[in-house]
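Peer 1: One structure is given below, represented as structure tokens, and several questions about it will come after.
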There are 2 protein chains.
Amino acid sequence: MRVVIALGGNALLRRGEPLTAENQRDNVRRAARSIATVLEHGHQAVITHGNGPQVGLLALQSHAYKPSEVFPLDVLGAETEGMIGYLIEQELENAYAADAGYATLLTQIEVDPNDLAFTNPTKPVGPVFNKAEADRLAVERGWTMAPDGASFRRVVPSPTPLRIIEIGVIRRLVDQGVIVICAGGGGIPVVRCVDGMLFGVEGVIDKDRASGLLARELGADALVMLTDVDGVYNNWGTPEKQLIRAASPAQLRDREFAAGSMGPKVEAACDFVEATGGMAGIGALDDAIHILNGSTGTVIRRD
Amino acid sequence: MRVVIALGGNALLRRGEPLTAENQRDNVRRAARSIATVLEHGHQAVITHGNGPQVGLLALQSHAYKPSEVFPLDVLGAETEGMIGYLIEQELENAYAADAGYATLLTQIEVDPNDLAFTNPTKPVGPVFNKAEADRLAVERGWTMAPDGASFRRVVPSPTPLRIIEIGVIRRLVDQGVIVICAGGGGIPVVRCVDGMLFGVEGVIDKDRASGLLARELGADALVMLTDVDGVYNNWGTPEKQLIRAASPAQLRDREFAAGSMGPKVEAACDFVEATGGMAGIGALDDAIHILNGSTGTVIRRD
């Protein structure tokens, strides 16, 4: 089977953990061992990853050094593709010797310059702040801050991914058996001008939506999203919460899931299954092969 | 011809310019137009780039935000491969429509853990500082600071590149006509432990030496190094300075050139020409095709 495996930005950094290189590496190592089990079973894997905590941190670092020379989000997103892609590739190499090797590819994804997301930022990035800090950041930096539980986080525009600029090269490598790491952080959002020129825009594409687009474009058999919970729940956050072990897209479309976390995963899963007839799975970082086999997590298939 | 084109980190950021995303993009655009002329002549190009100013800046940003959680140089190097690779790929796409597309590949390069460079840092990174600032940074951060003209810069270990981990994938793509951007910042330095595991080390490989290794591994016909001067000079920095238009490796081996800038370029050029019989060229950012044709810059060939 050809499987697109999406690693959540939060799975690479557990809640409350400081975003150090060591913590990221420890979590990436766990993810790599999990992915290695999929490769050991003879499946072909294409790996994507989120970057919410990381891109927000790099924005804070850039601001802390020179507030007047802060890098835009497309450039910071490119930095996270390098940083996280490096850790994933190196730990995967250490976990599994792939015959045709690994390739981490910088990925740009075209979005619509008129996407309504640009006037309605929803994607949380970076660490959590208290109310006073959030208010100060909103005034000092012009950032949009939104509630996240009892805390606040910066939110940025998250436009819909339309077209993967490097898809030809990605398909070429995957067809030749190379294990590709791409579309990191949902891909760098770019728009194409009337004269055909590409340029980057300020936003962060949701990596689950980007992974779904990638899975469709590559004719993948499965889309597996690994995160910091063990599947999709009914009544999440209540004593009656219940893991959904299997569902059809129609069964999930009726329900509400958390925007910015489980919501986009469920949407990407449903879109992929409806469009291709393949399977989608959502579950815990360590469980990649078990989710793919349907023995744990939430599996979404056509009726 | 198959040509490896190395873009100097300083060529992507002119001396004295603030390291903003805009300034980098403007210089990358110039480089892209220059490389496009090589592609328009039907040559096959593989592009590498330096990262001295950039990796030093990211270290300062990381320190400015949380001094206790600063990222190590391998991770920062990976960030610069993403950032600079993104700008180069996007501007190249805008300058020249390549049939088989572009691929920016994260690149790790194996070094010897016992390389003497680890105890003798020589590679300048980041901005220039005055004496007082340099002394403070040396004490506060344990950095090694070295004179750079009348100023000071941080210097880091620059181990010899031995083996490009991703060479199989790079060769595969280049053979198929894809224009590859790789070995950014000289590649991320990694060592292989006795158990075969890879891990990153604190250093910055010289990008000219890495480019020379890449050119030999790919069987390139030419190695062109673009920088902020128009070639190699005799008596540089004196009124008698004189551009060397053509030379053999033997003629250049006798002379002394600036360590950390022209020295490694001349060494990489001589090594490549001696090992392969190909040609090497050194010259200004805008002159790629003219250097390749031998009509400007410094051309190094066998006698």
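Peer 1: Heavy atoms of the protein only, probe of 1.4 Å, neighbouring chains included. What is the accessible area of B:Asp112 in Å², nearest 10?
Peer 2: My reading of the accessible area for B:Asp112 is about 60 Å².
Peer 1: Can you give the charge dipole size of chain A about its Cα centre, rounded to the nearest 20 debye, using +1 on the beta carbon of Lys and Arg and -1 on the beta carbon of Asp and Glu?
Peer 2: It comes to approximately 360 debye.
Peer 1: Between A:Leu252, A:Thr238, A:Leu106, whose Cα lies farthest towards the positive end of the dipole of chain A when Lys and Arg beta carbons carry +1 and Asp and Glu beta carbons carry -1, centred on the Cα centre?
Peer 2: Final value for the positive-end residue is A:Thr238.
Peer 1: Quick one: net charge around B:Gly297, please, counting Lys, Arg +1 and Asp, Glu -1 for every other residue with C-beta under 12 Å from its C-beta.
Peer 2: -1
Peer 1: Grab the other residues whose beta carbon is less than 11 angstrom from that of B:Leu285, score K and R as +1, D and E as -1, and report the net.
Peer 2: Values: positive: B:Arg14, B:Arg29, B:Arg30, B:Arg33; negative: B:Asp228, B:Asp230, B:Asp286, B:Asp287.
Every neighbour counted, the sum reads 0.
Peer 1: Just from its helices, what would the mean residue ellipticity at 222 nm be for chain A, if runs of 4 or more DSSP H residues each count -39500 (n - 2.57) and the sum is divided by every residue, rounded to the nearest 500 deg cm²/dmol?
Peer 2: -11500 deg cm²/dmol
Peer 1: Classify the stretch B:221-303 from the C-alpha gyration tensor, please: rounded if a/c falls under 1.5, else prolate or oblate depending on whether a/b exceeds b/c. It would help to have the intermediate numbers written out before the result.
Peer 2: On the way: a/c = 1.61, a/b = 1.16, b/c = 1.38.
Oblate is the answer for the stretch B:221-303, as a/c is 1.5 or above yet b/c matches or exceeds a/b.
Peer 1: Could you sort the peptides B:76-85, A:176-185 by per-residue average Cβ neighbour count (10 Å cutoff), highest mean leading?
Peer 2: Values: B:76-85: 29.9, A:176-185: 25.0.
In descending order of packing, they fall as B:76-85, A:176-185.
Peer 1: Before anything else, pin down the relative contact order of chain A: Cα pairs under 8 Å, at least 6 apart, normalised by residue count, whole percent. Walk me through the numbers on the way to the answer.
Peer 2: On the way: 666 pairs, mean separation 67.0, N = 303.
With pairs under 8 Å counted, the relative contact order is 22 percent.
Peer 1: While we're looking at this one, here's another question. Compute the accessible area per residue over chain A, keeping the other protein chains in place, probe 1.4 Å, unit Å².
Peer 2: 37
Peer 1: Tell me, what % of the accessible area of chain A is carbon and sulfur with a 1.4 angstrom probe?
Peer 2: 48
Peer 1: What accessible surface, in Å², does a 1.4 Å probe find on B:Thr119, ignoring ligands, DNA and RNA and rounding to the nearest 10?
Peer 2: 120
Peer 1: Accessible area lost on pairing A with B, both sides, 1.4 Å probe, Å² to nearest 100?
Peer 2: Buried area between the two chains comes out at roughly 4200 Å².
Peer 1: Separate question: What does the structure give for B:282-293 when I average, per residue, the other chain Cβ atoms found within 10 Å of the residue Cβ? Before the final figure, lay out the partial values.
Peer 2: Values: counts 0, 0, 0, 0, 0, 0, 0, 0, 0, 0, 0, 0.
Average neighbour count from other chains, rounded to a whole number: 0.
Peer 1: Testing the spin-label approximation: label points 7 Å from Cα along Cα→Cβ at B:Trp236 and B:Asp26. State their distance in nm.
Peer 2: About 2.5 nm separates the two model spin labels.
Peer 1: Once the label point is placed 7 Å from Cα along Cβ, list for A:Lys66 the distances to the corresponding points in the other copies, in nm, shortest first.
Peer 2: Result, one decimal in nm: 2.4.
Peer 1: Considering the rotation that carries chain A onto chain B, locate the chain A residue whose Cβ comes closest to its axis and report the distance in whole Å.
Peer 2: Looking at chain A's Cβ atoms against the axis toward B, the nearest is A:Gly82, 1.
Peer 1: In peptide B:69-81, what is the residue-averaged number of other protein chain Cβ atoms found within 10 Å of each Cβ?
Peer 2: 6
Peer 1: Sorted from shortest, what are the nm distances separating the label point of B:Glu240 from equivalent points in the other copies, each placed 7 Å from Cα along Cα to C-beta?
Peer 2: B:Glu240 label point versus its equivalents elsewhere: 9.3 nm.
Peer 1: Would you list, by chain and number, the lysines whose Cα falls below 24 Å from the Cα of A:Lys241, excluding same-chain residues fewer than 8 positions away?
Peer 2: A:Lys265
Peer 1: Under a 1.4 angstrom probe, counting protein chains only, how are B:Arg154, B:Arg14 ranked by accessible area, largest first?
Peer 2: From most accessible down to least: B:Arg14, B:Arg154.
Peer 1: Here's a follow-up. Take every residue in peptide A:105-116, count the Cβ atoms of other chains within 10 Å of its Cβ, and give the average of those counts.
Peer 2: 3
Peer 1: Right, here's the next one. Just the number, please: percent antiparallel of the DSSP beta bridges in the protein assembly as shown, rounded to the nearest 5.
Peer 2: Among the beta bridges of the protein assembly as shown, antiparallel pairing accounts for roughly 40 percent.
Peer 1: Here's a follow-up. Can you list, shortest first in nanometers, how far A:Ala259 lies from the same residue in the other copies, with each label 7 Å from Cα toward Cβ?
Peer 2: 5.9
Peer 1: While we're here: If you take the beta carbon distance between A:Phe257 and B:Ser295 as r and set R0 to 51 Å, what does 1/(1 + (r/R0)^6) give as a FRET efficiency, to the nearest 0.05?
Peer 2: Taking R0 as 51 Å, the efficiency between A:Phe257 and B:Ser295 is 0.20.
The values are calculated or read from the model by the stated rules, or taken from the named source; none is laboratory data. All figures in this text were calculated on a predicted structure; none of them were measured in a lab. All Cβ positions, glycine included, derive from the backbone under ideal geometry; neighbour counts span all protein chains shown. Just the protein is used for accessible areas: all its heavy atoms, side chains included, with ligands, DNA and RNA removed. Shrake-Rupley method; radii C 1.70, N 1.55, O 1.52, S 1.80 Å.
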